[in-house]
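What follows is one structure encoded as structure tokens, with my remarks underneath.
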Amino acid sequence: MNTPYSLKELERRAYRSTFEDGIYDILFGLLFLIFAAIPILEAAGLSRFIGYSLLIIPPALPLLGKRLITIPRMGAVEFGPRRKSRRRLILIITGIVIFLMLPIMISTVSNGLSGSMGWMVIALLALPVFIIAVYAMDFPRLWIYAALLLAGPVESEFLLRYIGSPLNTSISFGLPGVVVLIVGLSLLFSFIQKYPKVAPEANHAG
Amino acid sequence: MPANNDTGKSKLPEIDRLIHEPARYNIMALLYVIEKAEFLFVQNQTNMTSGNLSTHLSKLGAAGYIDIKKRFVSKKPKTFVRLNEKGRKAFEEYREQMKELFTNPPAFRENDSV
């Protein structure tokens, strides 16, 4: 048994172990891939809003994944008031940001702000939520995903000259999306191997 | 001066032997930093077998340090454990005593050298 001496470190280790399942990585990977797919769907003649409506699917993933995969294998845990208040903070701020930014986002999309400028606006709107999420969730990998999100429109603008639209946007969001998804899936695979599903009676003190 | 002579022994703080056992210390430390957890989570975090964990939890429960609640979730039995106020206080006292013991060992206390 390897117990860290500091209780703070022990708490952090226990808390971060709940991210071992890679579910949030898969969520962000899918979000990137949806961002990559929207311009292609649009080019195929589908409404932009159909593409955006796909964005409501990934957030359901943690709810289902934690319930069906993580908790039966790892066990449920409730952290202390500090973590709870941080979680509340992220929910409140995300809600406020979405409420304030949604009209801007919709008008950006419906006014057809062309090319990567539209994406730049969307990425900049999503960035504060990411930063708050990194702080509140204490989930360091999210910094990398936030950087990738911000880099997406810049890459898109750069690629526009060489491969044109909509492939520029699809590649600049799709490639990081695939990488993040692969990270998430490999974490999930390791998690499933590390924590096999236990018989109900084993999760029970006799 | 050896700690087990009469003078040294009398100066040793009363260490809670129940928490002093490493496996139970690990359980108490984990439960101290979280609010509550399922049996399986504690087992995974402490790397114990379910039988071993069950035995230690029973002892901590009998001492009144932890609350053990068994309930059915989706028709499956689940055990939830949490450190109660008495347990928290005992754990904090234990850590204080150990800190004191390490920073000021009985053999080196001024009173002991007399």
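Working only within the range B:78-99, note down all residues that are assigned to a strand (DSSP E or B) and surrounded by 19 or more Cβ atoms within 10 Å (Cβ to Cβ). Hits for the range B:78-99 are B:K78, B:T79, B:F80, B:V81, B:L83. On the stretch given as the range B:70-108, residues that are among the aliphatic types (A, V, I, L, M), within 12 Å of another protein chain (Cβ to nearest Cβ), closer than 22 Å to B:E35 by Cα and in contact (Cβ under 8 Å) with a residue 60 or more places away in the chain total 0. Checked against (1) in a helix (DSSP H, G or I); (2) farther than 28 Å from A:A199 by Cβ; (3) out of contact with any strand residue (DSSP E or B) (no Cβ under 8 Å at 6 or more places or on another chain), B:A29 meets all criteria but (2).
Restricting to the range B:37-69, what's the tally of residues that are in a strand (DSSP E or B), facing chain A (nearest Cβ under 7 Å) and surrounded by fewer than 19 Cβ atoms within 10 Å (Cβ to Cβ)? Residues flagged as in a strand (DSSP E or B), facing chain A (nearest Cβ under 7 Å) and surrounded by fewer than 19 Cβ atoms within 10 Å (Cβ to Cβ) within the range B:37-69 amount to 1.
Taking helices (runs of 4 or more DSSP H) as the structural unit, those lying wholly within the range A:114-206 and holding at least 2 residues that are modelled with pLDDT of 85 or more and closer than 24 Å to A:R86 by Cβ correspond to A:141-163, A:167-194.
Candidates in the range A:73-91 are the residues that are modelled with pLDDT of 90 or more and either over 19 Å from B:E35 (Cα atoms) or surrounded by fewer than 17 Cβ atoms within 10 Å (Cβ to Cβ) (or both); of these, the one that is farthest from the other protein chains (Cβ to nearest Cβ) is A:R73. Within the range A:49-72, the set of residues being surrounded by 11 or more Cβ atoms within 10 Å (Cβ to Cβ) and closer than 22 Å to A:T18 by Cα comprises A:I57, A:P58, A:P59, A:L61, A:P62, A:G65, A:K66, A:R67, A:I69, A:T70, A:I71, A:P72. A count restricted to the range A:37-48 and to residues that are in contact with a helix residue (DSSP H, G or I) (Cβ under 9 Å, 6 or more places away or on another chain) and loosely packed, with under 12 Cβ neighbours inside 10 Å stands at 1. The lone criterion from (1) in contact with a Lys or Arg (Cβ under 9 Å, 6 or more places away or on another chain); (2) surrounded by fewer than 18 Cβ atoms within 10 Å (Cβ to Cβ); (3) facing chain A (nearest Cβ under 7 Å) left unmet by B:P22 is number (1).
The values are calculated or read from the model by the stated rules, or taken from the named source; none is laboratory data. Since this is a predicted model, take the numbers as computed values, not measurements. We place every Cβ from the backbone using ideal geometry, glycine too, and count neighbours over all the protein chains shown.
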